[in-house]
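The values are calculated or read from the model by the stated rules, or taken from the named source; none is laboratory data. Note that this is a predicted model, so its numbers are computed, not measured. Using ideal geometry, Cβ is built from the backbone for each residue, glycine included, and neighbour counts are taken over all protein chains shown. We work out accessible area using only protein heavy atoms, side chains counted, and drop any ligands, DNA or RNA first. Shrake-Rupley method; radii C 1.70, N 1.55, O 1.52, S 1.80 Å.
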Amino acid sequence: MPSENSLADAKQQMLDQHLRARGITEERVLDAMRRVPREEFVPAALRERAYDDRALPVEFEQTISQPYTVAFMAQAAGLQTHERVLEIGTGTGYGAAVLSHLASKVCTIERWPDLRKSATERLERLGFRNVVTKFGDGSHGWMEQSPFDVIVVTAAAERLPAAFLDQLTEGGRIIIPIGKPGVGQTMIRFTRRIGKLREENLGMFSFVPLVCDS
């Protein structure tokens, strides 16, 4: 079991060497990454690797994204404290926890019921009160909670789900990796302007595929 001191040292190394050094400069994002204990969101056997800058396996053949990817998407979203965010793919709850420090409310959807249940319990235990979770197909969004200022998608889609535009505010942003599984995807930021989406290429990443119900 890693000590508190070793975890604190690993977290500081993550902030300095893997985030700041690679272009994460938004202090609110860095502070959110500092405040969230990633070791609480990874399997117990991997706690000592919690601040490695790499994805780690979790239940149901899913992964918890590497810290840089979480920080990159949060920075790209440009969240303000009064804004509401929809996250597609709760996983263990780590991304939602980071976003909760940047937004007024985080709504997050997970398609694996047991994963959603454990993430919900974890977030509640750790005191993240502005996060609500839902079991379901994230490609449909969450109409009852809409509109959203930001939608963050933590799995790769071959195209942007059509439902997202209707649930996005004017000036709202969608951060999503687009591309086929296994070949890398392009991170895209869509911004809604006068009912249409402006598209920006943010670089190449690799994600598990977004699974949609037929």
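Here are some notes:
- Every pair of residues 6+ apart whose Cβ atoms lie under 7 Å, when the first sits in the range 44-62 and is free of Cβ contacts under 8 Å to residues at least 12 places away in the same chain while the second is not polar (S, T, N, Q): Leu46/Leu56; Arg49/Leu56
- Out of Arg189, Arg116, Arg111, sole residue that is touching a residue at least 24 places away in the same chain (Cβ under 8 Å), open to solvent by less than 60 Å² (accessible area, probe 1.4 Å) and of a type in the set (Lys, Arg): Arg189
- Taking the criterion of being open to solvent by less than 20 Å² (accessible area, probe 1.4 Å) and modelled with pLDDT of 95 or more, the only residue of the range 56-68 that qualifies is Pro67.
- Exactly one residue out of Ser104, Ser100 is more than 21 Å from Thr69 (Cβ to Cβ), open to solvent by 10 Å² or more (accessible area, probe 1.4 Å) and at pLDDT 95 or above, and it is Ser104.
- Of everything in the range 39-66 that is small (Gly, Ala, Ser) and within 21 Å of Ile24 (Cα to Cα), the residue that is farthest from the chain's Cα centre (by Cα) is Ala50.
- The residue of the range 155-172 that is nearest to Phe205 (Cα to Cα), among those that are among the charged types (D, E, K, R) and not in a strand (DSSP E or B), is Glu158.
- When Tyr94 is tested against (1) buried (at least 24 other Cβ atoms within 10 Å of the Cβ); (2) without any contact (Cβ under 8 Å) to a residue 12 or more places away in the chain; (3) of a type outside the set (S, T, N, Q), just one condition goes unmet, and that condition is (2).
- Of all residues making up the range 32-55, the number that are outside any loop (DSSP other than H, G, I, E, B), farther than 17 Å from Ser118 by Cα and open to solvent by less than 20 Å² (accessible area, probe 1.4 Å): 2
- Test: residue in the range 149-159 that is surrounded by fewer than 24 Cβ atoms within 10 Å (Cβ to Cβ) and closer than 19 Å to Val29 by Cβ: yes
- In the range 170-184, the residue that is farthest from Ala155 (Cα to Cα) out of those that are within 16 Å of the chain's Cα centre (by Cα) and open to solvent by less than 10 Å² (accessible area, probe 1.4 Å) is Ile174.
- The residue that is surrounded by the fewest Cβ atoms within 10 Å (Cβ to Cβ), among those in the range 74-85 that are more than 17 Å from Glu110 (Cβ to Cβ) and among the aliphatic types (A, V, I, L, M), is Ala76.
- Taken over the range 66-94, the residue count meeting the criterion of being touching a Ser or Thr at 6+ places or on another chain (Cβ under 6 Å) and either within 19 Å of Ala157 (Cβ to Cβ) or of a type in the set (Val, Ile, Thr) (or both) is 3.
- Residues (outside any strand (DSSP E or B), charged (D, E, K, R) and open to solvent by 20 Å² or more (accessible area, probe 1.4 Å)) located in the range 128-145: Arg129, Glu144
- Counted residues, the range 198-214 - those being modelled with pLDDT of 90 or more and among the small types (Gly, Ala, Ser): 1
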